[in-house]
Amino acid sequence: DKYADAWLPSPLLARWQRVVIQHAAGVAQSWRTNRERAEQAYLDELAEYQAQADQERPAPTWQEWQTPTLKQTVMQTNANVVALELSEDSTFDYWLRISTLDKGSPIRLPIKLAAYHRRQLDGKRINTSMTLTRKLSGWWLTLTLNEQIAATTTDESPVVGVDVGIANFLTTSTGKRYGTFHGKLAHRHKLDREKRRRKARLRACLKKKGVARLPSLTNQRLARHVRQEINRAVNQFYADHAGHQVAYEDLDVRTMRFRARRMNAYLYASNLAHLPRQIAWGAKKRGQTAQAGWAAYSSQECPRCHFVSRANRPEQQTFWCQSCCLQLNADENAAINHQARFRDREMQACRSKEAVKALLDTRHVAYREQTARRSRAARREPTFGCESISGQSGVGEHQRLAS
């Protein structure tokens, strides 16, 4: 409740307490919303697993979310308690005026900006909402501003599909690839895993001895380098596709799991959740249209006949349609599907993975009926080594190449 009365004794004045309560309520609401979405995604995967009854595929598991804990002091403020005043007769750029319990006696802290910050704030109006973060090096002030960006794309602009992944951060429908977690980042991640194993053993020993402050297992430096590589890949992508509309997947990384622990560690370190956010942010600041679409079955759907099956992915980087024998790179195939779903009204009207699956099955049946109406003379005979069997989707014919 953002408007609840203060229930904890605090030396902060009433306006400060109101800001703190509103900030805490926002964090709690966000946590509950994200947990509900993750639980719904788990239920969808569980229903899909029970419907397919694949013995080799492990059943999805649900792990209860941990309640957020306070790791560092962060205060989100507004103009009632904190205000930024322009400095006129000193070497500092701004003064941060902070309200105190003594009426009429605020505290003023000097703010020094770098040259980059001065260029970004030159002639622009700063928003009243600010964030103060306590770090080891001191207090940091985060400012925001609103900027009007002219649109650089229209409805007639070309559309490019984008698929995100670990092997290649971005793969476009035109076959271009940007950034990768393999190489230097993978090597650094391997060293980091070995270091965390040693720290885990050390933590266990210290915990038995009753040590209260244990060494951390997180590596913020590696995470920062991964985000920087992602940002470079996204910037290069937009530099090569200026004036394009972007279709990308609404990826939910929270419920993604692999069988191997090593791949799960790669998934966690690659920070795939940062990619869709960065794509959307890059489009906004460039005035380009970016639209997130359904990620369901994008890597398993054939762009030609719309056949959906796990057998279409015999390898991680290979797509081989078991119905029409179309072969493509798996990431490029997913990007092509995202491009096709950009203006697909029926796909956008779907509200669940089951609805997406039913729509794709219907389109596959329509494709098979359309090809069946062709004359026998015009129809191409199946290639040698193909056999017709029933597919996993249970719809239409399923062709598999003999090994």
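The values are calculated or read from the model by the stated rules, or taken from the named source; none is laboratory data. Note that this is a predicted model, so its numbers are computed, not measured. Cβ placement follows ideal geometry from the backbone for every residue including glycine, while neighbour counts extend to all protein chains displayed. Surface areas here come from the heavy atoms of the whole protein model, side chains and all, with no ligands, DNA or RNA. Shrake-Rupley method; radii C 1.70, N 1.55, O 1.52, S 1.80 Å.
Here are a few things to note about the model shown:
- Simple rule: put +1 on each Lys or Arg Cβ and -1 on each Asp or Glu Cβ in the range 159-293, find the dipole, and look at 200, 233, 269; the Cα lying farthest toward the positive end is 200.
- Top positive-direction residue, dipole computed over the range 159-293 with Cβ charges, set 220, 242, 161: 220
- Sites residue 156 and residue 370, calculated FRET efficiency, Cβ-Cβ separation with R0 30 Å, nearest 0.05: 0.55
- Basic side chains Lys and Arg get +1 at the Cβ, acidic Asp and Glu get -1 at the Cβ, and with that the dipole of the chain about its Cα centre reaches some 2000 debye.
- Where labels lie 7 Å past Cα in the beta-carbon direction, separation of residue 10 and residue 80 in nm: 1.1
- Label zone at residue 348 (point 7 Å along Cα-to-Cβ), backbone N below 19 Å, the range 355-369: 355-357, 359-360
- Helix 261-270 and the long axis of the chain differ in direction by around 60°, with both axes built from C-alpha atoms.
- Between residue 108 and residue 235, the FRET efficiency estimated from the beta carbon spacing at R0 = 41 angstrom works out to 0.60.
- Residue 145 versus residue 25: modelled label distance in nm, points set 7 Å from Cα along the beta carbon direction: 3.1
- On the beta carbon distance between residue 56 and residue 32, with R0 = 51 Å, the FRET formula returns roughly 0.90.
- Gain on full extension, evaluated as 0.36 nm per residue between residue 202 and residue 310 minus their Cα-Cα distance, stands at 34.6 nm.
- Carbon and sulfur %, accessible surface of the chain computed with the full protein complex present, 1.4 Å: 51
- Dividing the summed helix terms, -39500 (n - 2.57) for each DSSP H run of n ≥ 4, by the number of residues in the chain produces a 222 nm estimate of -12500 deg cm²/dmol to the nearest 500.
- Helix 220-240 vs. the chain, principal-axis angle (Cα, 0 to 90°, nearest 10): 60
- Sorting 35-46, 158-169 by average packing, meaning the other beta carbons within 10 Å per residue, from highest down gives 158-169, 35-46.
- About the Cα centre, charge dipole magnitude for the range 74-146 (Lys/Arg +1, Asp/Glu -1 at Cβ), debye: 240
- Percent antiparallel among DSSP beta bridges (both partners in the chain, rounded to 5): 85
- Between helix 330-340 and the chain: long-axis angle, C-alpha atoms, 0 to 90°, nearest 10: 80
- Our note on the geometry: Cα centres of the range 241-300 and the range 34-70, 19 Å apart.
- Between residue 70 and residue 128, the simple spin-label model (points 7 angstrom out along Cα→Cβ) gives 2.6 nm.
- Normalised by the number of residues in the chain, the mean separation of alpha-carbon contacts (under 8 Å, six or more apart) gives a relative contact order of 13 percent.
- Charge dipole of the chain about the Cα centre (unit charges at C-beta), most positive-ward option of 282, 67, 120: 67
- Too-long pairs where the Cα-Cα distance tops 25 Å, listed order kept, from 71/285; 103/135; 71/195: 71/285; 103/135
- Using a probe of 1.4 angstrom and keeping all protein chains present, the accessible surface of the chain works out to 64 square angstrom per residue.
- Each peptide among 64-71, 243-250 gets the average number of other Cβ atoms lying within 10 Å of its residues, and from highest to lowest they stand as 243-250, 64-71.
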